[in-house]
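Here is the structure we will look at, set down as structure tokens.
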Amino acid sequence: MASVTLEHIKKTYENNVTVVHDFNLEIKDKEFVVFVGPSGCGKSTTLRMVAGLEDITGGTLRIGDRVVNDVEPKDRDIAMVFQNYALYPHITVYENLAFSLRLRKMDNEEIHRRVCQAAEILGITEYLGRKPKALSGGQRQRVAIGRAIVRNPAVFLMDEPLSNLDAKLRNQMRAEIILLRKRVDTTFIYVTHDQTEAMTLGDRIVVMKDGYIMQVGTPQEVFDTPKNLFVAGFIGSPQMNFLKARLEREGKGYRVNLLGASIPLSESQNSALAEKNTPSMDITLGVRPEHTTVLFDSTENAIPCTINVNEMMGSELHLHLSSANQDSIIVRLPTVDLTGEQRSGLTYGSKLYITFPAKVMHLFDPETEKNLIWG
């Protein structure tokens, strides 16, 4: 078991392209940390530097108390699970699991014990005599994870291990990784571009963009208090709505004006803005689709909208709306809350109203893109 510390880690390639900038993170012993971000953000490169598969241009990497910048991958006490499984096709599942242990010249009895234990944990005991080509994608991924388990590493590294699976298998394997983490109590670093995986698996999430850390926090912290526009838009599905608005200061209080509505902010929001002496200014207002209330009749501060698209998702509707100069506002509307008449009336071109309480609104500076309250 070990902690992982990255201090001012940097990666620059020969063409002077820097893909990871001043990366600082302390990963505690037995913590499950997820690196998440779009393709090309530097998350896999950072993981490969931890693994020793990429040289570190600058900074210090520690596993436990040991600096490992120049330590060979095999001597770092880590195990890595790759996106493409990386199984040997010509040998059985048993021999795939045993391969790294045989290289260490471990005795056969201990090899057999570890292989059988890993197979039992992952539910692949009945496949030990098969070759990889006779397995499904999900079974192959279990074998790939099993090859890491048998080594009893201090740190597990997983590089988008579920991206090659279909949606149903991904959901199943995600649940199995959660159970695996409880049975194999060690440090995990997991890379994904899927924010659902990040939210469900991680003790903490590291959101990355263009080689920089945008925010580090628990899934709930990152969801509830995004520090900037990028994090707010990346975490959550469908993504947060961003609306042009005006923040107006009135004495010790503030209100937000948009689309004909004027919404006073909450006491905590007023205190945070007043403490920073925030002036009246144009802002980007963020509101999540699930935090938006749909009304069929006009009330005070209700915003009139027109339905452009109605997506039936089973338990809920995703309504794509437009209002004045806002072309796309997405609302999640639970179908259980609707009468049959209301549901049939939600068609293209229909009119309705939306509103939202101040406490669910996120206020961003359109120039710096920082959250005015939590940024």
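The values are calculated or read from the model by the stated rules, or taken from the named source; none is laboratory data. All values derive from a computational prediction rather than experimental measurement. Here the Cβ is made from the backbone with ideal geometry for all residues, glycine too, and neighbour counts use every protein chain on show.
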Residue hits (region 273-286; under 16 Å from ILE263 (Cα atoms), surrounded by fewer than 22 Cβ atoms within 10 Å (Cβ to Cβ) and either small (Gly, Ala, Ser) or in contact with a helix residue (DSSP H, G or I) (Cβ under 9 Å, 6 or more places away or on another chain) (or both)) are SER280, THR284
Output the residues belonging to region 85-133 that are in a loop (DSSP other than H, G, I, E, B), hydroxyl-bearing (Ser, Thr, Tyr) and surrounded by 15 or more Cβ atoms within 10 Å (Cβ to Cβ).
TYR85, THR92
Step by step: first the residues of region 27-84, then only those that are in contact with a strand residue (DSSP E or B) (Cβ under 6 Å, 6 or more places away or on another chain), among the small types (Gly, Ala, Ser) and part of a loop (DSSP other than H, G, I, E, B), then the one that is surrounded by the fewest Cβ atoms within 10 Å (Cβ to Cβ). Which residue is that?
GLY42
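For (1) part of a loop (DSSP other than H, G, I, E, B); (2) out of contact with any strand residue (DSSP E or B) (no Cβ under 8 Å at 6 or more places or on another chain); (3) surrounded by 14 or more Cβ atoms within 10 Å (Cβ to Cβ), each residue gets a yes or a no:
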| residue | (1), (2), (3) |
| --- | --- |
| ILE307 | no, no, yes |
| ASN310 | no, no, yes |
| GLY314 | yes, yes, no |
| LEU317 | no, no, yes |
| SER328 | no, no, no |
| GLN342 | no, yes, yes |
| LEU352 | no, no, yes |
| GLU367 | yes, yes, no |
| TRP374 | yes, yes, yes |
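Hey, does region 287-295 have a residue that's basic (Lys, Arg), under 23 Å from ASP365 (Cα atoms), in a strand (DSSP E or B) and touching a strand residue (DSSP E or B) at 6+ places or on another chain (Cβ under 8 Å)?
So in region 287-295, the residues basic (Lys, Arg) come out as 288.
This time we only want the ones that are under 23 Å from ASP365 (Cα atoms), so: 288.
Applying the additional criterion that residues be in a strand (DSSP E or B) yields none.
No - not one qualifying residue is present in region 287-295.
Considering each of THR278, THR292, THR299 in turn, give the residue that is more than 25 Å from ASP327 (Cβ to Cβ) and either β-branched (Val, Ile, Thr) or in contact with a Pro (Cβ under 6 Å, 6 or more places away or on another chain) (or both). Don't jump to the end; show me each part of the working.
Values: THR292 fails: more than 25 Å from ASP327 (Cβ to Cβ); THR299 fails: more than 25 Å from ASP327 (Cβ to Cβ).
The unique qualifying residue is THR278.
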So, in region 1-38, of the ones that are more than 20 Å from the chain's Cα centre (by Cα) and polar (S, T, N, Q), which residue ends up modelled with the lowest pLDDT?
ASN15
Hits in region 146-161 - residues which are assigned to a strand (DSSP E or B) and either surrounded by fewer than 22 Cβ atoms within 10 Å (Cβ to Cβ) or in contact with a His (Cβ under 6 Å, 6 or more places away or on another chain) (or both)
ASP159
For the structure I just gave you, tell me whether LEU321 is modelled with pLDDT of 90 or more, more than 20 Å from LEU259 (Cβ to Cβ) and not acidic (Asp, Glu).
no
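Residue check: is ALA302 surrounded by fewer than 16 Cβ atoms within 10 Å (Cβ to Cβ) and either in contact (Cβ under 8 Å) with a residue 40 or more places away in the chain or not assigned by TED's automatic domain parsing to the domain that holds VAL360 (or both)? If you could, list the steps in order and put the result at the bottom.
Details: surrounded by fewer than 16 Cβ atoms within 10 Å (Cβ to Cβ): no; either in contact (Cβ under 8 Å) with a residue 40 or more places away in the chain or not assigned by TED's automatic domain parsing to the domain that holds VAL360 (or both): yes.
The answer is no for ALA302.
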Do the conditions hold for GLN220, that is, is it of a type outside the set (A, V, I, L, M) and either buried (at least 17 other Cβ atoms within 10 Å of the Cβ) or modelled with pLDDT under 90 (or both)?
no
In region 39-60, what residues are modelled with pLDDT of 95 or more, within 18 Å of the chain's Cα centre (by Cα) and at negative phi?
CYS41, LYS43, SER44, THR45, THR46, LEU47
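In region 354-365, how many residues are buried (at least 19 other Cβ atoms within 10 Å of the Cβ) and outside any loop (DSSP other than H, G, I, E, B)? Step through it out loud before you land on a result.
Step one: filter region 354-365 for residues buried (at least 19 other Cβ atoms within 10 Å of the Cβ), giving 354, 356, 361-364.
The next check asks that each one be outside any loop (DSSP other than H, G, I, E, B); those that pass are 354, 362-364.
Summing the residues that are buried (at least 19 other Cβ atoms within 10 Å of the Cβ) and outside any loop (DSSP other than H, G, I, E, B) in region 354-365 gives 4.
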Residues within region 9-26 that are exposed (fewer than 14 other Cβ atoms within 10 Å of the Cβ) and closer than 27 Å to ALA232 by Cβ, tallied:
2
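Given the options ALA134, ALA79, name the one that is among the aliphatic types (A, V, I, L, M) and free of Cβ contacts under 8 Å to residues at least 24 places away in the same chain.
ALA134
Restricting attention to region 330-340, which residues are crowded, with 18+ Cβ neighbours inside 10 Å and β-branched (Val, Ile, Thr)? Break it down into steps so the answer makes sense when it comes.
Going residue by residue through region 330-340, those that are crowded, with 18+ Cβ neighbours inside 10 Å are 330-333.
Residues satisfying the conditions are ILE330, VAL331.
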Can you run down the residue pairs with Cβ atoms below 6 Å, 6 or more apart or on separate chains, where the first is in region 233-253 and of a type in the set (Phe, Trp, Tyr) and the partner is surrounded by fewer than 16 Cβ atoms within 10 Å (Cβ to Cβ)?
none
